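J.: Before I ask anything, let me first share the structure, which is written out below as structure tokens.
Where a number appears in this text, it was derived from the coordinates with a stated rule and is not lab data. None of the values given here were measured: they were computed from a predicted structure. Don't worry about glycine lacking a Cβ; one is built from the backbone with ideal geometry, like all the others, and counts go over all protein chains shown.
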Amino acid sequence: MSLATLTPASVKYVLLDSLVIMKIVKHVDSELYAGMSEVAGEACQGLLTGLVSMEENRLEITNCFPTARTEPIMDNDESSSQANQAYEELKQQEMLDMLRKFRNMNIDYEIVGFYQAHPFGACFTQELVDSMFDYQSNGPEDVVIVYDPVKTRQGQLSLRAYRLSLPALELAAKNDWSPEAVKGANLTYENMFEELPIVIKSSYLVNVMMAELALAPSRVADKRSAHLELGTKRSLEKSVRQLMGNVDELNKSISAFTKYTGDKQRHENVVFNLTQKEGKFRQQENEARVARGEPPISMEDIKKMKPPMLQTRNGMLDSLLASCDSHTLSDFCNTVTGENLAKLFLAEAIADEKLVGKDRALSSVSSTR
Amino acid sequence: MASNMTVKVHPVVYMTIVDSYLRRSRGTTKGSANEKALGTLMGFYEKGAIQVTNCFAIPFNEYHDDLELDDSFNQQMISMLKRAAPNEQPVGWFLTSSDISSNCLVYHDYYVRVISEISARKETPPLVLLTLDTTFSGDNKTRMPIRAYLRSKAGIPGSPQPHCAIFNPLRVELDAFPGECVAMQLIENSLDSKRREASLESGLQQLERSTGDIIGWLERLLEYVNEVVAREELPADATMGRTLMDIVNTAATHMQTDKLDALVKNTLRDYMMVSYLANLTKTQLQLHERMISM
């Protein structure tokens, strides 16, 4: 992949059709209902289609479709890798078929990214970076929509749109995540992913239909107070546990980094000393040699000394991703605890009011007697 | 035939129908304009109910009595959706028109064939026709009626062939998974906005809004009660009184004070701790970042 194909994205926000939201939510929820996946519905993925509106700097996502459930093949034999490849090809074929059908039905058929369900929205993995890179090098405006089923079940729809920032894209293109490259690109966990604001849009007719549905009596109305639920402790517990895992991961990569900086310092010292000591000596020697008309001794052997390597698989990528994940998780914990505290205080206030009310009722009863 | 069945339709189905109606093909060749959308409903059967959880539109053509349907399109879509959600199967079809013409019989026959091919059982499961009048052609111009039908054959007893078919209306209900409810609630916000837009709101905003709502409703209730009390004769509406009594009862018994106290005491500290830890992690992250970039 040449660097020339990487163009900076110009889209400022994402316009999400309400149909897309319903489809994503339905995809995850029906899997849960059928008991096919864990609470979080991690397996749910799909592709987003829509169009880019350049004049208004926005990305319109107007439809989406789920990709077939992946059937992971565990063994790494020759035959299974072949089967995997055949499966990938089939998947590709199906995707093209679906797009053709979309075109047939006058639906926008340009792929503008993909969606993924992930608990707590902590989705940052190497696979995500890889597939983001694939998408963004083909369509510079492509985004990933991360849907958090846990938060949604608690009564608050949670969708986020992300894309890789330009420096991160460049590093991914070179596949070079060494500390120097990361530092050179000025990449931190905060600017690795760009989050785009999401605006939800519904058509006139959808609005009419929502109004119609709101008029009809149904049991659905009873389920609407999910966000007032006080007992959200279990999910909080889970997120804290996940946070702990991430912090461990981060610790590992930090210690690797510290070791690396130590090694590097030592190496630099050695090189420096050598060039200082040996250099002076060799310089004199060389001057003498030049005077005698002999070829000078080169300094190459010193420069050729091998610099130390960072002892992780992907260089700084792991540490960056772990940082992103822990940041999101701690954000989640923070907001949830904040909301729960507010709810608790609310409940307390109501209880106090109830006591006062009871007293008043009692006193009024006694006064009438 | 079980005509006491309920059709439980999920919101995503309505949205897809409306979207496919908006994207219906305008007639390119003369007279072939379909001012309708038609498609397949996907879902599953429950005891006494049919859950319709998904649907898609298919290309079709209707010119006087010439009816065309893209069968291969339909079959491929069904198999593709089945792979994405294995528990769903075709349960019927939809049409965005409220009048059921004789063409519907032909379509219905086609769908009966499709379903009997797919389902392994001998007798075909009941097949639903869902209509959504997107053209507001009904008596009430301001409503968008949603109806569901089940076809049953009728005729003179004893004759080998049934003479006619009747589309029996079924009860339609809106059903939604918990997540879908939440999403619907948010999308409903776009009703109030001029640009038909809604934005995601944070938990505290939501909390504030629903608290405001509750206060508003309580005030309205209070007003109503005061008005009724001020009246001379007894109120005629006893059900209202019972509902009010229910509300008061739940409010009094739902959250006992000692229980709440225990809850507050136990969880408050936990929350504080988690929040503290989360903040600590964030600070640590930022420090780490500075260290690396130094």
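J.: How high is the relative contact order of chain B, in percent, with contacts defined as C-alpha pairs under 8 Å that are six or more residues apart? Kindly include the intermediate steps, with their values, before the conclusion.
T.: On the way: 324 pairs, mean separation 41.7, N = 294.
Dividing the mean separation by the residue count of chain B yields 14 percent.
J.: What list do you get for B:Glu46, B:Glu88, B:Glu180, B:Glu201 if you sort them by fewest beta carbons within 10 Å?
T.: Placing the least packed residue first, the sequence is B:Glu46, B:Glu201, B:Glu88, B:Glu180.
J.: Can you report the principal axis dimensions of the range A:84-123 using only the alpha carbons, biggest first, rounded to whole angstrom?
T.: 37, 29, 12 Å, listed from the longest principal axis down.
J.: For the range A:239-289, report the translational diffusion coefficient in µm²/s to the nearest whole number, using Stokes-Einstein at 25 °C, 0.890 mPa s, and a Kirkwood Rh over Cα pairs.
T.: This corresponds to a translational diffusion coefficient of 174 µm²/s.
J.: Regarding the range B:243-283, what are the three Cα extents along the principal axes, ordered largest first, in Å?
T.: Rounded to whole Å, the extents work out to 51, 20, 6 Å.
J.: Chain B: Rg/Rh from Cα coordinates, Kirkwood Rh?
T.: Rg/Rh: 1.11.
J.: Enter the mean projected area of the convex hull around the alpha-carbon atoms of the range B:150-202, in nm², rounded to one decimal.
T.: Averaged projected area of the range B:150-202's Cα convex hull equals 7.0 nm².
J.: Leaving out same-chain residues fewer than 8 places away, which aspartates and glutamates sit with a Cα under 14 Å from that of A:Lys101?
T.: A:Glu110, B:Asp70, B:Asp71
J.: Would you calculate a helix-derived [θ] at 222 nm for chain B, using -39,500 (n - 2.57) for each DSSP H run of n ≥ 4 and dividing by the full residue count, to the nearest 500?
T.: Result for chain B: -15500 deg cm²/dmol, rounded to the nearest 500.
J.: From the mean inverse distance of alpha carbon pairs (Kirkwood) and the Cα radius of gyration, derive Rg over Rh for the range A:143-296.
T.: Rg/Rh for the range A:143-296 comes to 1.33.
J.: Apply the Karplus curve 6.51 cos²θ - 1.76 cosθ + 1.60, θ = phi - 60°, to the phi angles in the range A:179-188 and return the couplings in whole Hz, x for Gly and Pro.
T.: After applying 6.51 cos²θ - 1.76 cosθ + 1.60, I find x, 5, 5, 5, 5, x, 7, 6, 9, 10 Hz.
J.: Stokes-Einstein D for the range A:143-195 at 37 °C, 0.692 mPa s, Kirkwood Rh over Cα pairs, in µm²/s?
T.: Details: Rh = 12.6 Å.
The diffusion coefficient I find is 260 µm²/s.
J.: How charged is the neighbourhood of B:Lys36? Take every other residue with its Cβ under 11 Å from the Cβ of B:Lys36, and add Lys/Arg as +1 and Asp/Glu as -1. Walk me through the numbers on the way to the answer.
T.: Values: positive: B:Arg24; negative: B:Glu35, B:Glu62, B:Asp99, B:Asp133.
The answer is -3.
J.: For chain B, what are the DSSP H helices with axial Cα length of 15 Å or more and mean Kyte-Doolittle hydropathy of at least 0.5?
T.: B:11-22, B:178-188
J.: Now, a different point. Order of A:Lys91, B:Lys153, B:Lys36 from fewest to most other C-beta atoms within 10 Å?
T.: Exposure proxy ranking, most exposed first: B:Lys153, A:Lys91, B:Lys36.
J.: For chain B, what is the charge dipole size about the Cα centre, in debye to the nearest 20, if Lys and Arg each add +1 at the Cβ and Asp and Glu each add -1 at the Cβ?
T.: 720 debye
J.: Run through every distinct alpha carbon pair of the range B:167-294 and return the Kirkwood hydrodynamic radius in angstroms, one decimal place.
T.: Over the range B:167-294, the inverse of the mean reciprocal pair distance is 20.9 Å.
J.: Now for a separate question. Ignore the peptide's own chain and count Cβ atoms of other chains within 10 Å of each Cβ in B:46-58; give me the average, rounded.
T.: For this peptide, the per-residue mean of nearby foreign Cβ atoms is 2.
J.: Next up: Using only the Cα atoms, what convex hull volume per residue in Å³ does the range B:45-152 have?
T.: 132 Å³
J.: Taking chain B, how many lysine pairs are there with alpha carbons less than 27 Å apart, if each pair must be eight or more places apart or span two chains?
T.: Close lysine pairs under the 27 Å cut-off: 16.
J.: Just to check, using Stokes-Einstein with a Kirkwood Rh over alpha carbon pairs, what's the diffusion coefficient of the range B:104-218 at 37 °C and 0.692 mPa s in µm²/s?
T.: 172 µm²/s
J.: Here is a further query. Net charge near B:Met144: determine it from the other residues with C-beta under 9 Å of the C-beta of B:Met144, scoring Lys and Arg +1 and Asp and Glu -1.
T.: My count for the surroundings of B:Met144 gives -1.
J.: Could you calculate, for the range A:79-180, the ratio of the Cα radius of gyration to the Kirkwood radius, expressed as Rg to Rh? Before the final figure, lay out the partial values.
T.: On the way: Rg = 16.5 Å, Rh = 16.0 Å.
Expressed as Rg/Rh, it is 1.03.
J.: Related question: With the dipole of chain B worked out from charges on the C-beta (+1 for Lys and Arg, -1 for Asp and Glu) around the Cα centre, which of B:Pro169, B:Thr211, B:Tyr107 lies farthest toward the positive end?
T.: Positive-most Cα among the choices belongs to B:Tyr107.
J.: Residue by residue through B:262-275, how many Cβ atoms from other chains fall within 10 Å of the Cβ on average?
T.: If you average over the peptide's residues, the count of other-chain Cβ atoms is 5.
J.: Using each residue's phi in the range A:332-338, evaluate 6.51 cos²θ - 1.76 cosθ + 1.60 at θ = phi - 60° and report the 3J(HN,Hα) Karplus result to the nearest Hz, with x for Gly and Pro.
T.: 4, 4, 4, 5, 5, 5, x
J.: Further question on the same structure: Which loop-located trypsin sites (Lys or Arg not before Pro) does the range B:192-285 contain, where loop means any DSSP state but H, G, I, E or B and the Cβ has at most 15 other Cβ atoms within 10 Å?
T.: B:Lys194, B:Arg195, B:Arg231
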